[in-house]
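See below for the structure under consideration.
What follows is calculated from the coordinates using simple rules that are stated; it is not laboratory data. Since the model is a prediction, treat every value here as computed from it, not as a measurement. So basically every Cβ, Gly included, is an ideal-geometry build from the backbone, and we count neighbours across all protein chains shown.
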Amino acid sequence: KAGVTQTPRYLIKTRGQQVTLSCSPISGHRSVSWYQQTPGQGLQFLFEYFSETQRNKGNFPGRFSGRQFSNSRSEMNVSTLELGDSALYLCASSGQGSKFFGPGTRLTVL
Amino acid sequence: EDKVVQSPLSLVVHEGDTVTLNCSYEVTNFRSLLWYKQEKKAPTFLFMLTSSGIEKKSGRLSSILDKKELFSILNITATQTGDSAVYLCALQLAGGTSYGKLTFGQGTILTVHP
């Protein structure tokens, strides 16, 4: 089975812009969750989707949003980017109770 | 806040040594505890533990969960330089408000010298 894929792998944006990241889960997995990883805060949960419905959301401002499509692919969007949004954004696909991470999107905000 | 604490925060060993990484937590109601290895990229899944006292093994790595004392350990025997990485422990909580959420520890940085 192919693993979790994320695009793009690297992204450079400037403050105030918006960005959309994409994640395709492992085939057959219907749950996708998103995490932000920074050196200072470690891995923090953003949100989780299952069958196109957001089931859970972490403590992030409303600038962070997401959605899931009928084929289980998911996107997350960050609007009005801030310097502090620079991070590795990881998507995880859930199956058999375990979570498998994609390679991540490295976002740099200048 | 549901706390997951890993120790030590960093560890330097030589090839061939055996290491034990610790993960302690404060939550009693959780679905599973997961271990990941992270090099300069995304976390790679190692183990999922749900039952106390049952050891999971994969090659030189093994892990066990103690639900009574609220901790898990990850053992690596005969370490190799390729084992150098950050090892992350995460809890998957139970309950409807915990869907999809893993609560991570701060990680243990393992460095294996040749």
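Here the relative contact order of chain B, from alpha carbon pairs under 8 Å that lie six or more residues apart, stands at 37 percent.
Quote to one decimal, in nm, the extra length available between B:Thr111 and B:Ile54 on full extension: 0.36 nm per residue of separation minus the C-alpha distance between them. Walk me through the numbers on the way to the answer.
On the way: separation 57, 0.36 × 57 = 20.52 nm, distance 2.77 nm.
Extending this stretch completely gives an extra 17.8 nm.
Based on every Cα atom in the stretch B:44-87, Rg and the maximum pairwise Cα distance Dmax equal 11.3, 34 Å.
Within 10 Å of the Cβ of each residue in A:90-98, the mean number of Cβ atoms contributed by other protein chains is 3.
Modelled spin-label separation between A:Arg30 and B:Ala94, with each label point placed 7 Å from Cα along the Cα-to-Cβ direction: 2.3 nm.
Once both labels are positioned 7 Å from their Cα atoms along Cα-to-Cβ, the gap between A:Leu83 and B:Thr18 label points is 4.9 nm. Given a Förster distance of 25 Å, report the FRET efficiency between A:Thr108 and A:Ser22 from their Cβ-Cβ distance, rounded to the nearest 0.05. Using R0 = 25 Å, I get an efficiency of 0.90. Each 10 Å bin from zero up to the one holding the largest Cα-Cα distance in the stretch B:15-114 carries the following percent of pairs: 16, 49, 29, 7, 1. Which residues does a label at B:Thr44 reach in the stretch B:1-38, if reach means a backbone N under 11 Å from a point 7 Å past the Cα toward the Cβ? Counting backbone N atoms under 11 Å from the label point, the list is B:37-38. When the square roots of the Cα gyration tensor eigenvalues are ordered a ≥ b ≥ c, the ratio a/c for the stretch B:23-72 is 1.5 or more and a/b does not exceed b/c, which makes its shape oblate.
Peptide A:52-62 shows a mean partner chain C-beta count of 2 within 10 Å per residue C-beta. The equivalent ellipsoid of chain A has semi-axes of 22, 14, 13 Å, largest first, where each one is the square root of 5 times an eigenvalue of the Cα gyration tensor. Using a 7 Å offset from Cα along Cα-Cβ at A:Tyr10, what residues in the stretch A:90-110 end up with backbone N under 18 Å from the label point? Answer for this model: A:90, A:103-110. Computed as a quarter of the hull surface, the mean projected area of the alpha carbon convex hull for the protein assembly as shown stands at 12.4 nm². Of A:Gly62, A:Phe101, A:Leu11, whose Cα points farthest to the positive end of the dipole of chain A (charges on the beta-carbon: +1 Lys, Arg; -1 Asp, Glu; origin at the Cα centre)? Result: A:Phe101. Inter-label distance, A:Ser98 to A:Phe69: 2.8 nm, where each label sits 7 Å from its Cα along the C-beta direction.
List the lysines whose alpha-carbon lies under 29 Å from that of B:Lys67, not counting same-chain residues fewer than 8 positions away? Straight-line reach from B:Lys67, under 29 Å: A:Lys57, A:Lys99, B:Lys3, B:Lys37, B:Lys56, B:Lys57, B:Lys101. Rounded to the nearest 20 debye, the dipole size of the stretch A:1-57 about its Cα centre is 100 debye, using +1 on the Cβ of Lys and Arg and -1 on the Cβ of Asp and Glu. On full extension, the segment bounded by B:Glu26 and B:Gln80 gains 16.2 nm, given 0.36 nm per residue less the C-alpha separation. Annotation for the stretch A:1-60 versus the stretch B:35-114: alpha-carbon center distance of 21 Å.
Report the antiparallel proportion of the DSSP beta bridges in chain B as a percent, rounded to a multiple of 5.
Of the beta bridges lying entirely in chain B, close to 90 percent run antiparallel.
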